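Everything on this sheet refers to the single structure shown next.
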Amino acid sequence: MSEVLGDAEPQDDTFDDSYDQDDGDTNDHRSSVNDLLDTVGSPASLAITALVVSTMSLVGLLSSYSLASALTVSSSNSGPLFGERANAGIQLGLGILGAILALVAHWAAVKAEDLDSAPQRGPRAMAGAALLLSAVSIAQSVAALIIMVGAHVAGPQIG
């Protein structure tokens with residue numbers, strides 16, 4: 001019948017075409033999970049997270065001291081320096097995490113610039129600040145661990 005009306009190719013009704021309709025907006029079928037991942041994975045949110053984690057590693061908030069105290073209490077070999085070493089190790093881990101998040105935020109901002117052709121100055125600046133804070137925190141933590149290892153190896157001098 002469609003050939004008579006002027007359509008050269010008859011419509012095949014064997015498949016349901018309700019999902020193939022092209023109304024010009026391809027984002028209608030996005031799920032809320034994808035939207036949440038886009039929000040969390042945006043350059044700005046990654047950069048803010050990196051900045052917060054890097055600052056936390058540099059300042060040393062109560063939660064990291066609580067974790068170091070928990071490690072000290074749970075260890076059977078907890079000498080006087082163990083708690084300080086645990087705290088320095090936690091600060092080092094947070095500094096490394098902040099640096100990784102800063103690099104991911106930077107790469108996400110560069111990718112967003114390539115896709116949108118719009119500069120991502122804010123996220124890139126925050127990622128750079130987070131990377132600098134992380135570098136300072138990592139340097140301080142490594143120096144503290146090296147000094148504490150030296151203090152542990154030398155031990156107390158007896159008479």
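The values are calculated or read from the model by the stated rules, or taken from the named source; none is laboratory data. What you are looking at is a predicted structure, and each value in this text was computed from that prediction instead of being measured. Each accessible area value is taken on the protein alone, full model and side chains, heavy atoms only, with ligands, DNA and RNA left out. Shrake-Rupley method; radii C 1.70, N 1.55, O 1.52, S 1.80 Å.
Overview of results
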| item | result |
| --- | --- |
| Solvent-accessible surface ranking, highest first, for ASP35, ASP116 at 1.4 angstrom | ASP116, ASP35 |
| Mean accessible surface per residue for segment 95-141, computed with a 1.4 Å probe while every protein chain stays in place, in Å² | 56 Å² |
